[in-house]
């Protein structure tokens, strides 16, 4: 009998509503800070300060950025497909918010699960929702009616197929070791040892694929601000453009959350149990720091180099990892 | 073997310049691709991450300009200053116009006048009734300072002279004589 997520565990509706509001508030409170922290950190990585003019230590910079974006005209090209053009930035936001639901912030305490929802299909849900986000990019790029946007969208599509498989296979090892898809059960089964130790290969592959999933350097070809003028976002302006950027940071948080839950023991840490969400947050932010660190270090890969990496290195490695894990799980 | 390499019968008419150049073998890295290539790429990535982390630890090198200024050297040539004798309070400038003659940019205008006994302005016979420096033309070469026989004009350290109007850049004698607000820090010893 596989330990599936506890489907018998039910909460009152009002608790669910409060939980979703809290998760929403916390994450959307972190996002703007993340943007300014990223810029400041990148500055420090390059011997400079980063933004420090708006408010104390530049902390009000995101407010100024959003204020500027909102005050801009929401421009739409004449030959754009209107409905899809508007839908473009909305889909990724929707997908990002949906993915937040399964990140486990803590165990069930006092009859309240410290997570949005514990779906039995856990990881599959993450992949399903994460792929919807890419429809946003593709639709946005195609419907702009611009060749640069279309090219950016094509690059996104090509990128999508070259890492998605390895990403799934990288997580399969963890799923086999814990025998469950539910993220809460997976965290529970890391009581003795974090899965990063036996599944280090899976972790590295997942993080590499995560860089590609979130369109971050060194895999930010869909955007490629230097050569493709932001790729699929070329024709977007104002807050529609801003929401694409917002989604990028939300996806970083989601991928960090999934990685922290699956490899870094989720909410587990020393101290009383009410510190659990703090531990989860600390682990997530450590991974976010890794994202920023890598962005400050690596140049953008070439288009074919990502393909080569995805198909010739990551996929065989992930498959081998799954194979070895499967044999060891059966033997031990 | 060419003639130049023998050393004995070197003939510059036939010698090629190539003979005297040492040919250095180009150092090439290992071929990219393959498992070794992936391994090396991974190692180099880690090395890059280490480099950027070291930069983070070192901290910013920025000098936040309007609040914080780059210190200048003691002999930095900034805005001019006119001087007075400290004991008598008389102007050092005697209106000889040597500075105006030395000025390659022709930006100094001096009109001299006779000192009236009892109401002396300068220590000499004459004084500068008008002394103007057009700082929009000045090239800060310091020749005026060298030409002055009485050390009446020297170059200060201030370099913040931007203004909204060209006319405001013509500095009169009063402006040059006034004790300037020295806003530029000096470099300390050995800096």
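The values are calculated or read from the model by the stated rules, or taken from the named source; none is laboratory data. Fair warning: this is a prediction, and the values are worked out from it, not measured in the lab. So basically every Cβ, Gly included, is an ideal-geometry build from the backbone, and we count neighbours across all protein chains shown.
Quick one: which residue in A:286, A:318 is within 25 Å of residue A:214 (Cβ to Cβ), within 23 Å of the chain's Cα centre (by Cα), surrounded by fewer than 14 Cβ atoms within 10 Å (Cβ to Cβ) and at pLDDT 90 or above?
Being within 25 Å of residue A:214 (Cβ to Cβ), within 23 Å of the chain's Cα centre (by Cα), surrounded by fewer than 14 Cβ atoms within 10 Å (Cβ to Cβ) and at pLDDT 90 or above holds for just one of A:286, A:318, which is A:286.
Does residue B:69 satisfy being closer than 30 Å to residue B:183 by Cβ, in a strand (DSSP E or B) and touching a residue at least 40 places away in the same chain (Cβ under 8 Å)? No.
Yes or no, residue by residue, for (1) at pLDDT 85 or above; (2) assigned to a helix (DSSP H, G or I); (3) in contact with a helix residue (DSSP H, G or I) (Cβ under 9 Å, 6 or more places away or on another chain); (4) within 30 Å of residue A:182 (Cβ to Cβ):
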| residue | (1), (2), (3), (4) |
| --- | --- |
| A:8 | no, no, no, yes |
| A:18 | yes, yes, no, yes |
| A:22 | yes, yes, no, yes |
| A:32 | yes, yes, yes, no |
| A:35 | yes, yes, yes, no |
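Answer yes if at least one residue in region A:59-80 is surrounded by fewer than 17 Cβ atoms within 10 Å (Cβ to Cβ) and within 20 Å of residue A:167 (Cβ to Cβ), and no otherwise. No.
Among the residues of region B:59-102, the ones that are within 30 Å of residue A:39 (Cβ to Cβ) and either away from every other protein chain (no Cβ under 14 Å) or touching a helix residue (DSSP H, G or I) at 6+ places or on another chain (Cβ under 9 Å) (or both) come to 6 in all. Set side by side, the residues A:281, A:264, A:323, A:275 differ, and just one is out of contact with any helix residue (DSSP H, G or I) (no Cβ under 9 Å at 6 or more places or on another chain), modelled with pLDDT of 85 or more, away from every other protein chain (no Cβ under 14 Å) and over 30 Å from residue A:140 (Cα atoms), which is A:323.
When A:325, A:308, A:217 are screened for being part of a helix (DSSP H, G or I) and in contact (Cβ under 8 Å) with a residue 12 or more places away in the chain, only A:325 passes.
A quick yes/no check of all residues on (1) more than 14 Å from chain B (Cβ to nearest Cβ); (2) at pLDDT below 85; (3) more than 25 Å from residue A:185 (Cβ to Cβ); (4) buried (at least 19 other Cβ atoms within 10 Å of the Cβ):
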site	(1), (2), (3), (4)
A:241	yes, yes, yes, yes
A:253	yes, no, no, yes
A:291	no, no, yes, yes
A:296	no, no, yes, yes
A:332	yes, yes, no, no
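Against the condition touching a strand residue (DSSP E or B) at 6+ places or on another chain (Cβ under 9 Å) and either away from chain B (no Cβ under 14 Å) or without any contact (Cβ under 8 Å) to a residue 40 or more places away in the chain (or both), how does residue A:26 come out, does it pass? Here the answer is yes, as residue A:26 does meet what is asked.
All of (1) more than 26 Å from residue B:85 (Cβ to Cβ); (2) in contact with a strand residue (DSSP E or B) (Cβ under 7 Å, 6 or more places away or on another chain) hold for residue B:186 with one exception: (1).
The numbered conditions (1) crowded, with 24+ Cβ neighbours inside 10 Å; (2) on the phi > 0 side of the Ramachandran plot are all true for residue A:271 except (1).
The set of residues in region A:215-230 that are crowded, with 23+ Cβ neighbours inside 10 Å and modelled with pLDDT of 80 or more contains only A:219.
Per-residue answers, yes or no, for (1) assigned to a helix (DSSP H, G or I); (2) surrounded by 24 or more Cβ atoms within 10 Å (Cβ to Cβ):
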{"site": "A:158", "(1), (2)": "yes, no"}
{"site": "A:164", "(1), (2)": "yes, no"}
{"site": "A:177", "(1), (2)": "yes, no"}
{"site": "A:184", "(1), (2)": "yes, yes"}
{"site": "A:187", "(1), (2)": "yes, yes"}
{"site": "A:190", "(1), (2)": "no, no"}
{"site": "A:201", "(1), (2)": "yes, no"}
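Here residue A:300 fulfils each of the conditions (1) in a helix (DSSP H, G or I); (2) surrounded by fewer than 21 Cβ atoms within 10 Å (Cβ to Cβ); (3) within 14 Å of chain B (Cβ to nearest Cβ) apart from (1). Among the residues of region A:37-59, the ones that are more than 9 Å from every other protein chain (Cβ to nearest Cβ) and in a loop (DSSP other than H, G, I, E, B) come to 5 in all.
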